[in-house]
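This report concerns only the one structure given below.
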């Protein structure tokens, strides 16, 4: 039974990934969220999938190192065979339409903390569990916004968010090659422009520069899961869209 752990699973893409993965009766899914009891989506899934081995819900506030450590300890007890797929999905978006002169530095620091530093902390704590597994995959949900080559196409929206995603891309490019020597596959995935609260922030500006309208959470999740399942060890470290096509760095 392949095992998956998803951060930021209370809503949006994270919740969509949990829903999609659970459709395969062979999968075991650990959904983590800052406050699971307040997530209507997770509570509905708990009722739909009462088997506590198929769906495990853990509290994990990625801004708190003690939460990350506790979640890893809990996961280790639940997964004696290791964690097959770690999906770093949790992220925040601020300063959506702010220009360089308008960026709130305090909000930017929090964005850097959640979107980059927390990813690093989660990676370090969960990597030993991934190493014990059969599939050994680490997935980072990134964004086309983090592409340096494509950056001039989106100059007016999400500047600080783009910086954090470029940072995650660099981290993954580095750790991916190191961990490849230990048999671990690392992939970055752009989920598409998704119709979530975060994805639609700045919609009026985004729609002028995006080639296609936003897609549903379900469509995004289906694509991401397909990419994860089809990813091979030799694919380390690729930056792919939810359709499996390469994205320029």
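The values are calculated or read from the model by the stated rules, or taken from the named source; none is laboratory data. None of the values given here were measured: they were computed from a predicted structure. Note that each Cβ is placed from the backbone with ideal geometry, even for glycine, and that neighbours are counted across all protein chains shown.
Specify the residue that is nearest to residue 189 (Cα to Cα); the eligible residues are those in the stretch 73-89 that are assigned to a loop (DSSP other than H, G, I, E, B) and touching a helix residue (DSSP H, G or I) at 6+ places or on another chain (Cβ under 7 Å).
To start, the set of residues in the stretch 73-89 that are assigned to a loop (DSSP other than H, G, I, E, B) comprises 79-84, 89.
When the remaining residues are screened for being touching a helix residue (DSSP H, G or I) at 6+ places or on another chain (Cβ under 7 Å), the result is 79, 82-83, 89.
Working: 79: 25, 82: 23, 83: 19, 89: 10 Å.
Ranking the candidates gives 89 first.
Among the residues in the stretch 227-234, are any assigned to a helix (DSSP H, G or I), modelled with pLDDT of 95 or more, touching a strand residue (DSSP E or B) at 6+ places or on another chain (Cβ under 7 Å) and closer than 17 Å to residue 88 by Cα?
yes
Within the stretch 47-68, work out how many residues are touching a helix residue (DSSP H, G or I) at 6+ places or on another chain (Cβ under 9 Å) and part of a helix (DSSP H, G or I).
Final tally of qualifying residues: 3.
Here is a check on your reading of the model: is residue 11 free of Cβ contacts under 8 Å to residues at least 60 places away in the same chain, within 28 Å of residue 66 (Cβ to Cβ) and surrounded by fewer than 19 Cβ atoms within 10 Å (Cβ to Cβ)?
On the way: free of Cβ contacts under 8 Å to residues at least 60 places away in the same chain: no; within 28 Å of residue 66 (Cβ to Cβ): yes; surrounded by fewer than 19 Cβ atoms within 10 Å (Cβ to Cβ): yes.
The answer is no for residue 11.
Please indicate, with yes or no, whether at least one residue in the stretch 155-167 is in contact (Cβ under 8 Å) with a residue 24 or more places away in the chain, assigned to a loop (DSSP other than H, G, I, E, B), over 30 Å from residue 26 (Cα atoms) and within 19 Å of the chain's Cα centre (by Cα).
Yes - at least one qualifying residue is present in the stretch 155-167.
When the stretch 169-199 is examined, which residues are found to be surrounded by 15 or more Cβ atoms within 10 Å (Cβ to Cβ) and in a loop (DSSP other than H, G, I, E, B)?
Answer for the stretch 169-199, where residues must be surrounded by 15 or more Cβ atoms within 10 Å (Cβ to Cβ) and in a loop (DSSP other than H, G, I, E, B): 184, 191, 192, 193, 195, 196, 198, 199.
Of the residues that sit in the stretch 72-105 and are free of Cβ contacts under 8 Å to residues at least 40 places away in the same chain and closer than 22 Å to residue 129 by Cβ, which one is surrounded by the most Cβ atoms within 10 Å (Cβ to Cβ)?
74
Is one or more of the residues making up the stretch 90-102 over 25 Å from residue 21 (Cβ atoms), assigned to a helix (DSSP H, G or I) and either under 14 Å from the mean Cα position of the chain (by Cα) or at pLDDT below 95 (or both)?
no
So, residue 45, is that one under 23 Å from residue 227 (Cβ atoms), touching a residue at least 24 places away in the same chain (Cβ under 8 Å) and either under 19 Å from the mean Cα position of the chain (by Cα) or surrounded by 15 or more Cβ atoms within 10 Å (Cβ to Cβ) (or both) or not? Can you show your working first?
Details: under 23 Å from residue 227 (Cβ atoms): yes; touching a residue at least 24 places away in the same chain (Cβ under 8 Å): yes; either under 19 Å from the mean Cα position of the chain (by Cα) or surrounded by 15 or more Cβ atoms within 10 Å (Cβ to Cβ) (or both): yes.
Judged against the criteria, residue 45 is a match.
Scan (1) farther than 17 Å from residue 125 by Cβ; (2) modelled with pLDDT of 95 or more; (3) outside any helix (DSSP H, G or I) for the single condition residue 32 breaks and write down its number.
(1)
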